[in-house]
């Protein structure tokens, strides 16, 4: 099961990196590309997303604990925190707790995953647009 998770994450990282690497290195562009590429991957791989959900919710260690826990999210959260901190350092983003923002972004993406994973019809373009707008407003220096 761990190999299944590793394979899906490897394929996802490969597909998403193409979108992310195609945009300028500015934090806002990187953030938008991160959101877009994640949602596109999830939308394009519903069976894999469903498999991940089942594995994450049911696979257990011998001790009975879930096999995948918060520590498994750290590499992804670290990338997001770096984007947010770089945006703050360059003055592109307002000051906020980068960890909390990263957790909230991942939670929003994970909710999209759960919808896709159970076969819900989701308007991908609208979801991408609204998430970019939401996190754009959450990170901007002045509210418009």
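Of all residues in segment 1-25, those that are more than 19 Å from residue 82 (Cβ to Cβ) have Cβ atoms under 6 Å from Cβ atoms of residues that are at pLDDT below 90 and loosely packed, with under 15 Cβ neighbours inside 10 Å, 6 or more apart or on another chain, in 1/59.
Conditions (1) closer than 28 Å to residue 97 by Cα; (2) at pLDDT below 95, marked per residue:
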residue: 12; (1), (2): yes, yes
residue: 17; (1), (2): yes, yes
residue: 35; (1), (2): yes, no
residue: 52; (1), (2): no, yes
residue: 63; (1), (2): no, yes
residue: 67; (1), (2): no, yes
residue: 73; (1), (2): yes, yes
residue: 77; (1), (2): yes, yes
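Exactly one residue out of 53, 64, 87, 91 is touching a helix residue (DSSP H, G or I) at 6+ places or on another chain (Cβ under 7 Å) and either under 20 Å from residue 3 (Cβ atoms) or assigned to a loop (DSSP other than H, G, I, E, B) (or both): that is 53. Annotation note: Cβ proximity below 6 Å between a residue of segment 115-133 that is loosely packed, with under 15 Cβ neighbours inside 10 Å and a residue that is modelled with pLDDT of 95 or more and in a helix (DSSP H, G or I) (sequence gap 6+ or interchain) occurs for no pair. Filtered by the rule that a residue be in a helix (DSSP H, G or I) and surrounded by 13 or more Cβ atoms within 10 Å (Cβ to Cβ), segment 40-50 gives 40, 41, 42, 43, 44, 46, 48, 49, 50. Looking only at residues of segment 80-110 that are surrounded by fewer than 13 Cβ atoms within 10 Å (Cβ to Cβ) and touching a residue at least 12 places away in the same chain (Cβ under 8 Å), we find that the one that is nearest to residue 17 (Cα to Cα) is 90.
As for segment 98-112, it holds at least one residue that is touching a helix residue (DSSP H, G or I) at 6+ places or on another chain (Cβ under 7 Å) and over 27 Å from residue 44 (Cβ atoms).
The values are calculated or read from the model by the stated rules, or taken from the named source; none is laboratory data. From a predicted model like this one, the values you see are computed outputs, not experimental measurements. Cβ atoms come from the backbone with ideal geometry, glycine included; neighbour counts cover every protein chain shown.
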